[in-house]
Amino acid sequence: PPLEQLYVHESVDNVIPKHDFVEAFDDLSIPVELVGDGREYEATDGVVSYVPRPEYLDAGWVHCARAGYDEFDTEAYEAAGIPLTNSSGIHGATVGEVAVGLMLSFARLLHLYRDHQGERAWYTPDYERPFTVENERLCVVGLGTIGEGIARRADALGMDVVGVRRSDDPVPGVSELFDPDELHDAVADARFVAIALPHTPATDGLFAEAEFDAMREDAYLVNVARGPIVDESALVSALESGAIAGAGADVFETEPLPESSPLWDMEEVIITPHKGSATNRYHLDIADLVKENVARYQDGEELRNRVA
Ligand code: NDP
């Protein structure tokens, strides 16, 4: 049956203002209502939510308001025959700019100058320390929307960009592709390694001691994907021992990053609070995706970003 109602679960407020989001559907052909927990759904209902809820399995279609849908039980959706879609495809610029910003800061020392600004200190770094990202090699691990967003921007800055993905699909700006089982070769010559993978059983803990050992000692890790892809205690050890030079991370094993984490105190670590996707038009970007899928659903077409 066609959809008669779209529900927006209030959990979307984690990333977007919920009322502005609902308003963005003013031109939709079906009514849109903001809801909390404890509601029953029917096959004529669509639901947009940030968090999974078991009752969604009675709806006609569920949209995850995030690109990373690892908290949703895809097998349960498949068993119930309910399409689940995600919000991939809209984070190339937002998360891409954060990843490139982190790399530029490490090279041009912006984070150090800002650290000293609070003390009104005219900081002079060692001569050896600053460098340019131009002509440095970046390895992007995971080449979907975000990986490509990072690669295109890095290429425009004159970086030498290589990447890792399972398929052979070429990516603009990426000069060489490696298979996942060649990860160590792929990162070996890179000054920067940027993780843009989904969190799956195959990528859980993918970056640990052996991977940091395979990286250059002057290399920087950038993780804008999901915390558990990196073994965080191995990362701390690698930073402490000098196996790698630094890290920029938007995502962590536990979020918010606990106050006790040694990462907070490290000069060559830049912590951003899982705000890589933040933009003042995020609610409009997600609404556009949802509206496209409402139209497809009503026309009986294959949904965009279907993940189960
Ligand atoms: P996409 O699905 O577009 O891209 C993921 C890419 O990773 C795919 O193109 C896939 O290519 C590749 N991939 C998947 N598994 C593997 C593997 N085992 N080894 C190597 N490559 C693999 O997702 P997005 O780019 O939109 O997002 C990526 C992740 O970033 C999300 O899953 C989410 O967790 C995180 N994210 C973080 C945000 C933040 O705020 N920091 C915001 C949005 C997303 P192939 O099929 O060729 O392997």
Before we move on, is Tyr7 under 19 Å from His199 (Cβ atoms), open to solvent by less than 40 Å² (accessible area, probe 1.4 Å) and of a type in the set (Phe, Trp, Tyr)?
no
When restricted to Ala99, Ala65, the only residue modelled with pLDDT of 95 or more, closer than 30 Å to Glu134 by Cβ, out of contact with any Gly (no Cβ under 6 Å at 6 or more places or on another chain) and crowded, with 21+ Cβ neighbours inside 10 Å is Ala99
Determine, yes or no, whether Ala247 is in a strand (DSSP E or B), out of contact with any Lys or Arg (no Cβ under 7 Å at 6 or more places or on another chain) and not hydroxyl-bearing (Ser, Thr, Tyr).
yes
Subset of the stretch 128-162 [among the small types (Gly, Ala, Ser) and either open to solvent by 30 Å² or more (accessible area, probe 1.4 Å) or more than 9 Å from the ligand (Cβ to nearest atom) (or both)]
Gly144, Ala151, Ala154, Ala156, Gly158
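Restricting to the stretch 211-225, count the residues that are within 16 Å of the ligand (Cβ to nearest atom) and over 12 Å from Ala194 (Cα atoms).
The total comes to 2.
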In the stretch 173-187, the residues that are in contact with a helix residue (DSSP H, G or I) (Cβ under 6 Å, 6 or more places away or on another chain) and either under 10 Å from Arg137 (Cβ atoms) or open to solvent by 60 Å² or more (accessible area, probe 1.4 Å) (or both):
His184, Val187
Could you pull out every one of the strands (runs of 3 or more DSSP E) wholly within the stretch 122-233 that has 1 or more residues that are touching a residue at least 40 places away in the same chain (Cβ under 8 Å) and under 14 Å from the mean Cα position of the chain (by Cα)?
137-141, 192-195, 220-223
Which of the numbered conditions does Gly248 fail, given that it passes all the others? Conditions: (1) among the small types (Gly, Ala, Ser); (2) within 16 Å of the ligand (Cβ to nearest atom); (3) over 21 Å from Glu182 (Cα atoms); (4) open to solvent by 20 Å² or more (accessible area, probe 1.4 Å).
(4)
Could you go through the stretch 83-99 and let me know if any residue there is touching a His at 6+ places or on another chain (Cβ under 6 Å) and within 13 Å of the ligand (Cβ to nearest atom).
yes
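Regarding Thr74, is this residue open to solvent by 10 Å² or more (accessible area, probe 1.4 Å) and within 16 Å of the ligand (Cβ to nearest atom)?
In short, yes.
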Just checking, how many residues over the stretch 251-287 are in contact (Cβ under 8 Å) with a residue 12 or more places away in the chain and not in a loop (DSSP other than H, G, I, E, B)?
11
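The values are calculated or read from the model by the stated rules, or taken from the named source; none is laboratory data. Quick caveat, the model's predicted, so the values are computed rather than measured. Ideal geometry is used to build each Cβ from the backbone, glycine not excepted, and the neighbour counts take in all protein chains shown. Surface areas here come from the heavy atoms of the whole protein model, side chains and all, with no ligands, DNA or RNA. Shrake-Rupley method; radii C 1.70, N 1.55, O 1.52, S 1.80 Å.
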